[in-house]
Amino acid sequence: MRHCVLVTGGAGYIGSHTLVELLSNEIEVIVVDNFCNSSKEALRRVEEITKKSIKLYPYDCCDKELLEEVFRQNTFDAVIHFAGYKAVGESVRVPLKYFRNNLISTLNLLELSEKYQVKNFIFSSSATVYGVPKTVPVSEESEIFAMSPYGQSKCMIEQMLTSFSKAHSDWNIAILRYFNPIGAHPSGKIGEEPRGIPNNLLPYITQVAIGKLPYLTVFGKDYPTEDGTCIRDYIHVCDLACGHLLALRKLYTNCGRVVYNLGTGKGYSVLEVIHAFEEASGLKIPYQIGPRREGDVPQNFASVEKAKKELNFVAKYDLHQMCEDAWRWQQKNPKGYQEE
Ligand code: NAD
Ligand code: WQD
């Protein structure tokens, strides 16, 4: 049977890589994206990579009337919901913006999925829901607790999905908790395009490498880790994309509600990432040690056993390849998608 999937936020960083994975596996896609944090060019490039076409609705998922058009005009058997805001720091300053966009978009999609009987749903959650993990590697059974409005929006949506699934035993819902996605498609055609000064480590490093930013500030060197810098589980965005295809296949077996960590299971410190990037690019990354960033946890990395056992998910790319691909994307697109 040929599947068709509605992908919200498909023009974004993770969404665009997932589109490549879906289209390459003969799954049709319909994209809803209002481009509030992305560009149409990303979709054109996905079409270029896959030689397949994408049906696009440039709509805001918070506009239920418009969103209903998509459900009315198309037949699809699953929704993958990437659309949302994701900047932790901004969410602390303007929490309502985050609650509105992240919660209302999900509520609209769920209500319409219920009305149009689309019974398979994948949601982009985040390792941020583990707050300060009591132990690492952190498993899906750990308590969830958010430290920012962004994280709270993810926890609330997870709860919303859990209640919905209790009321609808014939619905299949996958909550995927991503760790730290980095890297880009090996073609160098699609990748992450932060607006303004990047908040995340890898885009910051690549912008220092290309000369856009003078140096990197390492946020704290007094953490209880081997070299004193924080440890995270960085995962190649193409591995993450593959995780969505596997999760989708799982949903098609009528699995009910499932929750998976998507990470590599390996933690790297900030200094290790800098050194891996230097090795991959052949460049020196100037950096200085600064104070801790509020809200950072000393270490977080995933227990990957459940995803391995139930989805057959194993991350294939190592840190060196993640850095190589991030650097290729940055070099080929110094101005992001505006270049062409
Ligand atoms: P992104 O900002 O690159 O992509 C999100 C996309 O959604 C963008 O194209 C944006 O234009 C679109 N969008 C946002 N609100 C919308 C709305 N109301 N209607 C229609 N389109 C809308 O982010 P990403 O890194 O690709 O993240 C995708 C999802 O994964 C998000 O939900 C994010 O919270 C989650 N996530 C991201 C990370 C990460 O580090 N990148 C980690 C964990 C979880
Ligand atoms: C990684 C490490 C920083 C920038 C965030 C979100 C999380 C998820 C993934 C969405 C940390 C250090 C960073 C810099 C630095 N996103 N760092 N200098 O904070 O682990 O996770 O993205 O769901 O919710 O919180 O990722 O890339 O910001 O930081 O030293 O300029 O790099 O302190 O230790 P984080 P990050």
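A short reminder: the numbers here are calculations on the coordinates, not readings from a lab. Keep in mind it's a predicted model, so treat the numbers as computed, not measured. Glycine also receives a Cβ, built like all others from the backbone with ideal geometry; neighbour counts cover every protein chain displayed.
Sparsely packed loop sites in segment 87-175 (the GluC sites (Glu not before Pro) outside DSSP H, G, I, E and B with at most 15 other Cβ atoms within 10 Å) comprise 141, 143.
Between residue 252 and residue 187, the FRET efficiency from the beta-carbon distance, with R0 = 30 Å, is close to 0.55.
Counting only residues at least eight positions apart within a chain, or on another chain, the lysines with an alpha carbon under 24 Å from that of residue 250 are 115, 119, 154, 166, 306, 308, 309, 316.
Report for the chain the percent antiparallel among DSSP-assigned beta bridges with both residues inside it, nearest 5. Can you show the working numbers first?
Working: 2 of 40 bridges.
The antiparallel fraction comes to roughly 5 percent.
Relative contact order of the chain, taken over Cα pairs closer than 8 Å and 6 or more residues apart, is 19 percent.
Can you give the local net charge around residue 65? Use residues other than it whose beta-carbon is closer than 15 angstrom to its beta-carbon, Lys and Arg +1, Asp and Glu -1. Write down the numbers at each step before the final one.
On the way: positive: 64, 72, 115; negative: 60, 63, 68, 69, 111.
So the environment of residue 65 carries a net charge of -2.
From the square roots a ≥ b ≥ c of the eigenvalues of the alpha-carbon gyration tensor of segment 177-230, which class results: rounded (a/c under 1.5), prolate (a/b over b/c), or oblate? Verdict is oblate for segment 177-230.
Rounded, prolate or oblate: which fits segment 268-312, taking a ≥ b ≥ c as square roots of the Cα gyration tensor eigenvalues, rounded meaning a/c under 1.5, else prolate when a/b beats b/c? Judged from the Cα gyration tensor, segment 268-312 comes out oblate (a/c at least 1.5, b/c at or above a/b).
In this simple spin-label approximation, residue 226 and residue 294 carry label points 7 Å from Cα along the Cα→Cβ vector, and these lie 3.2 nm apart. Applying both filters, DSSP loop and at most 10 other Cβ atoms within 10 Å, to the GluC sites (Glu not before Pro) of segment 194-280 gives 226.
Potential lengthening of the chain between residue 284 and residue 310 amounts to 5.2 nm, from the contour at 0.36 nm per residue minus the alpha-carbon distance.
Cα centroid distance between segment 299-321 and segment 197-274, in Å? Segment 299-321 and segment 197-274 have Cα centres spaced 12 Å from each other.
For segment 135-198, applying the loop criterion from DSSP together with a ceiling of 12 other beta carbons within 10 Å to the trypsin sites (Lys or Arg not before Pro) yields 195.
Just to confirm the number: angle between the C-alpha axis of helix 105-115 and the first principal axis of the chain, 0 to 90 degrees, nearest 10? Its long axis makes an angle of about 30 degrees. The angle between the Cα long axis of helix 13-24 and the longest principal axis of the Cα atoms of the chain comes to about 60 degrees, rounded to the nearest 10. For the Cα atoms of the chain, what angle does the longest principal axis make with the long axis of helix 270-281, in degrees from 0 to 90, nearest 10? Long axis of 270-281 versus the principal axis of the chain: about 90 degrees.
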